[in-house]
Ligand code: ES4
Ligand code: ZN
């Protein structure tokens, strides 16, 4: 599928969890390197675990597999592997989320995880012809106090983050829970995005916009249940970073053919296509495009529009956007 990947126009990937790029082979390699015993016997057994029924069933494996990430080198190796694969997929700019709290809770320091990822991003332009920026994502199933503490730590160490995000188990953890966190990040000059309307209701998208003041919505597919919200998102050109293969694997939609992406495009929404957790959901951004094309017969025009939306919706400088467009 990779050969087909060359995009007609430069592409930005805006919705990507770096921990979700950890491939089974690399999990086993890092486990060996760090002397970690995993609760499965090998590659085949691990691969057999990638059957999900919902977001939580995926998150359980995603967090468990992170046990192998111990050193700065581990984080850097994982990040470089993603950059190489994304560059081959036609990605020229990537905005990469990481989950610091998921590492802190395992006893891995903020310095280790941030510096490891950031060291690989620092040379992404020279190494892979890709501009990159880092987004610190906060786990919405943890407390706001925990998130505030971690944000303080990131600011204190002058972490090279451009934005914050909000991820993990959505239902029961509405955006309003993190009002102070987002206010603080805004004051610190950070850009703002949040997962909303993946499994959660359209009202969570409205809260993310009105209470958190986010500029972008990650996923957002459930906006289609609320015509007034769709009208608002269209009028305000709010970017929605859609992840089709993720939605299928987490059973948010039944099959790719049932995915609302074509309806979202037809409604005039500012959507882009992204891979979310490519090592878990069956493919990178080029695989998302090729499978969409197979199912929907996406026109070159639609592909170009999705790609242009991704650049326009990025947090890159206006100068970098102009270079890419
Ligand atoms: C995630 Cl697909 C998805 N949704 C919410 N949180 C996440 N963290 C990593 N992948
Ligand atoms: Zn996500």
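All of the numbers you see were taken from the coordinates with simple rules; none came from a lab. No experiment lies behind these values; they were computed from the predicted model shown. So basically every Cβ, Gly included, is an ideal-geometry build from the backbone, and we count neighbours across all protein chains shown.
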Task: Exposure proxy ranking, count of Cβ atoms within 10 Å, fewest first, for 246, 105, 313, 275 - done: 105, 313, 246, 275
- [ ] Mind jotting down the three principal axis lengths of the range 8-59 based on Cα atoms? Whole angstrom, largest first.
- [x] 43, 29, 17
Open item on the list: Based on alpha-carbon centroids, what's the gap between the range 229-271 and the range 25-78 in Å, whole number please?
Closed with: 30
- [ ] Would you please state the base-10 log of I(q)/I(0) at q = 0.24, 0.32, 0.33 1/Å for the range 226-266, with intensities from the Debye formula using one equal scatterer on every alpha carbon?
- [x] -0.86, -1.07, -1.09
- [ ] Work out the P(r) tail for the range 50-157: percent of alpha carbon pairs separated by more than 22 Å, whole number.
- [x] 38
Task: Sequence of 286, 60, 297 once ranked by neighbouring C-beta atoms within 10 Å, starting from the fewest - done: 297, 60, 286
Open item on the list: Can you sort 199, 225 from fewest to most other Cβ atoms within 10 Å of each residue's own Cβ?
Closed with: 225, 199
Open item on the list: Looking at the calculated P(r) for the range 8-324, what percent of the C-alpha pair distances fall above 34 Å?
Closed with: 15
